[in-house]
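The values are calculated or read from the model by the stated rules, or taken from the named source; none is laboratory data. Predicted model, so just to flag it, every value in this text is computed and none were measured. Because the Cβ atoms are built from the backbone with ideal geometry, glycine has one as well, and the counts that use them run over all protein chains shown.
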Number of protein chains: 2
Amino acid sequence: MADQVSALQAAQEAKDASAAVAACSAAQRSRAIEAAASALEAHSADIVAANAQDMARGRENGMSEPLLDRLFLDEGRIRDIAAGMRAVASQADPVGEVVSGRTLDSGVRLTQLRVPMGVVAAIYEARPNVTADIAALALRAGNACVLRGGSAAALSCEAMVEALREGVAAAGLPAGAVTYVSKPGREQTSDLMRANGLVDVLIPRGGASLIQACVQQATVPVIETGVGNCHLYLERTADPECAVNIAVNAKTQRPGVCNAIESLLVDRDAAPALLPPVCAALADRGVELVGDADAREALEGGGITMGEATEQDWDTEYLALKISVACVDGVDEAIAHINAHGTHHSECIVTCDYEAGERFLAGVDAAAVYVNASTRFTDGGMFGLGAEVGISTQKLHARGPMGATALTTTKYLLRGEGQVR
Amino acid sequence: MADQVSALQAAQEAKDASAAVAACSAAQRSRAIEAAASALEAHSADIVAANAQDMARGRENGMSEPLLDRLFLDEGRIRDIAAGMRAVASQADPVGEVVSGRTLDSGVRLTQLRVPMGVVAAIYEARPNVTADIAALALRAGNACVLRGGSAAALSCEAMVEALREGVAAAGLPAGAVTYVSKPGREQTSDLMRANGLVDVLIPRGGASLIQACVQQATVPVIETGVGNCHLYLERTADPECAVNIAVNAKTQRPGVCNAIESLLVDRDAAPALLPPVCAALADRGVELVGDADAREALEGGGITMGEATEQDWDTEYLALKISVACVDGVDEAIAHINAHGTHHSECIVTCDYEAGERFLAGVDAAAVYVNASTRFTDGGMFGLGAEVGISTQKLHARGPMGATALTTTKYLLRGEGQVR
């Protein structure tokens, strides 16, 4: 794409393409996604070359290793991305489902039909793979999409979008089914957030500050995703082995993701029995521990180091090998702590007590609430939704992992013979 | 309520009450709605007295007769409002429904449960009855609510809320289940629109300017409601009698509502046959007609007056006995005109041609699309949803008439035996 495309140009092109994308069949959309995946592979040399420029710029600007790793693309990663797109191409199509229906008293027949949203916009950070993920899911749900990746990944994203558009067009859909805001500058992002009438839903994918910027500035409907200050609560009857396994998995398997735990709660009177094995296992895996006075006391003399937690720790999503530990008096206090400090993402209780488990499930206000299983299961793939648009932490429209269906809406069709009211 | 309650005080009180409202049973919520309805009737003298003050102030300020009529309350109207609440009390409860469920590959059992939103906020105009409607529907769906009526109805709304709170408390729920922002001033409305963390969804109910203010300023999730620039399209094969009946009903039965039609489209070559009877019937009922050149030509010599339509007319929701008339060349042009100028509310085709009807149903982007039936059917009651929160014209979360279910969300419950990823 030689010319720089502004947010409103990209949104208008997507809007113009949206009716054609919505009108084509599920099979046509599958073919378009497959063609886009193949075009991505066919152009992998160009994409890798563009990515090399982004990587070089990132290194110059002192980008951290984990961020550089997220930015990096090679032939192998592009093959994986294309394979992910083909999985979406073979997924069930959500469009056209009859959601409900009835005959009204007047005899008019009402059908509530699942239909595409229209235009889906996504703003994300320097992760080129999100470009292909969102494009594939938007197409699966019959939408056109407007993409805006982080500036540090601009060349990679633009090269990918060029390939995706070529594939989509080869399959007979308008290239405008996938558009990219290539014009740099914050005002482009702001314009996209306020493109009412062109954009039907905006999905920010990234860190807390990006999501907050969208929530504060956007006038188009937004789905908040991803921020996860998740808790693991060890109720007094918790099985120590189960507690250790879940704590280690939920904290250390992938500490940088939103469904990893950031805080450990434990019943005060069970802390001397439960905290030493759990904290030792976490410390063994390099997890830094900070806790309140009672938690630190429970570890005394055991050779495990625990720093002093501040009030701020209870509200912090570390996304790193660090965890805060607090003692509570029973399940109700645990629920109150989680509802006050959590981000309504994924929360877990470990318990052998039936009533405590059910009370926790009912009382915790979160997208996913667990008894005796790792919070790491909160994921579109794990939940059987196929690929994932993101994990909604708001209550409107979709909550928890979102698959292609979250990018649809419904429409009422009414067929009559001249009925009036 | 002697003291003035700020938006943040009201929202906090509702938030504090929300867990108790969510936790109680469907039967308890039904009793609370019934008790609130009875309290409304028991205090009807106070409410009528408060309303008389609002009415006197309205007359002094030159409020129009239709607005005064919307503001007016007497014992009879309060009885009707209470009866509406009792209908909501006897409606099916949406909370607790298992929406989906499966066993994950790991053996963890997943259940997707319908749960209350938490805190529902509503901003509306000087229509005191909305106070009771929204309170009843919010309670039906297990939510606490924060209400803010138009300043011209302040005393009426406050008196109603005082009674509703007394009833709710008598039924054992916290009075904070229903709160009212009584402190005057626009900054209170702004505060309510930006009460993230306290308000889960905001529903503006009223005219286009109120809804636009919410869309532009709100940072909490909003459901846009109500603006309806609805069209009736007479396809060339339309039965003239059917066309007349639907046009008259959709335009004149209640011209001030959002599902009334504002624009008539007709196939150019059928205009000389279809427009004279339809326009004569509308003119007979006092409807002012404005149209394009071809529409005016089709009426020439028939004694029906039609003014000249400007470009602005195609985008105007008159909410009055006035209609714009345009000629189009076939169903595709009609669809394009509607998608460009409509507000995605309710749109109708009159036709005897099967293909034209199906094409219109598929191509028009609106909450409700009709073949041969009046747009006036777009209504929660008519659609069998019980009482209505409003009619959503956005695509996120809910589209079309919204019943109590639109005030719920879902939550995933996961039960395991120590599974990790």
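Observations, loosely collected:
- Complete set of residues in region A:121-156 that are among the small types (Gly, Ala, Ser), over 18 Å from the mean Cα position of the chain (by Cα) and buried (at least 24 other Cβ atoms within 10 Å of the Cβ): A:Gly142, A:Ala144, A:Ala153, A:Ser156
- When A:Gly62, A:Gly118, A:Gly84 are checked against the criterion of being within 24 Å of the chain's Cα centre (by Cα) and on the phi > 0 side of the Ramachandran plot, A:Gly118 stands alone in meeting it.
- Exactly one residue among B:Leu137, B:Leu155, B:Leu164 is touching a Gly at 6+ places or on another chain (Cβ under 8 Å) and not basic (Lys, Arg), and that residue is B:Leu137.
- Members of region A:216-230 that are among the aliphatic types (A, V, I, L, M) and more than 8 Å from chain B (Cβ to nearest Cβ): A:Ala218, A:Val220, A:Val227
- Flag if B:Ala320 is touching a Gly at 6+ places or on another chain (Cβ under 8 Å), surrounded by fewer than 24 Cβ atoms within 10 Å (Cβ to Cβ), in contact (Cβ under 8 Å) with a residue 60 or more places away in the chain and not polar (S, T, N, Q): yes
- Filtered residues of region B:246-287 (kept if closer than 16 Å to B:Ala334 by Cα and of a type in the set (Ser, Thr, Tyr)): B:Ser263
- Every listed requirement among (1) assigned to a helix (DSSP H, G or I); (2) within 28 Å of the chain's Cα centre (by Cα); (3) within 23 Å of A:Val257 (Cα to Cα) is met by A:Ala336 save one, (3).
- Of all residues making up region A:198-215, the number that are within 12 Å of another protein chain (Cβ to nearest Cβ) and of a type in the set (Gly, Ala, Ser): 1
- Here B:Ser374 meets the list (1) closer than 29 Å to A:Thr219 by Cα; (2) of a type in the set (Gly, Ala, Ser); (3) over 14 Å from the mean Cα position of the chain (by Cα) almost entirely, failing just condition (1).
- Checked against the criterion of being more than 10 Å from chain B (Cβ to nearest Cβ) and out of contact with any Lys or Arg (no Cβ under 7 Å at 6 or more places or on another chain), region A:361-376 contains not a single residue that satisfies it.
- Looking only at region B:346-365, and only at residues there that are touching a residue at least 60 places away in the same chain (Cβ under 8 Å) and in contact with a helix residue (DSSP H, G or I) (Cβ under 8 Å, 6 or more places away or on another chain), the one that is surrounded by the fewest Cβ atoms within 10 Å (Cβ to Cβ): B:Ala356
- Per the conditions (1) of a type outside the set (Phe, Trp, Tyr); (2) surrounded by fewer than 19 Cβ atoms within 10 Å (Cβ to Cβ); (3) in the same structural domain as A:Gly96 (by TED's automatic domain parsing), the sole criterion not satisfied by A:Met402 is (2).
- Residues satisfying the stated conditions in region A:202-213, i.e. under 19 Å from A:Thr131 (Cα atoms) and in contact with a Ser or Thr (Cβ under 9 Å, 6 or more places away or on another chain): A:Ile203, A:Pro204, A:Arg205, A:Gly206, A:Ile211
- Between B:Arg59, B:Arg70, the distinction of being in a helix (DSSP H, G or I) and buried (at least 18 other Cβ atoms within 10 Å of the Cβ) belongs to B:Arg70 only.
- Of the numbered criteria (1) away from chain B (no Cβ under 11 Å); (2) modelled with pLDDT of 95 or more, the one A:Leu319 fails is (2).
- Residue in region A:8-28 that is farther than 26 Å from A:Thr408 by Cα and touching a Pro at 6+ places or on another chain (Cβ under 9 Å) present: no
- The residue that is nearest to A:Gly118 (Cα to Cα), among those in region B:294-324 that are under 26 Å from the mean Cα position of the chain (by Cα) and β-branched (Val, Ile, Thr), is B:Thr316.
- Wholly within region B:173-274, helices (runs of 4 or more DSSP H) carrying at least 2 residues that are among the β-branched types (Val, Ile, Thr) and surrounded by fewer than 24 Cβ atoms within 10 Å (Cβ to Cβ): B:208-217, B:240-252
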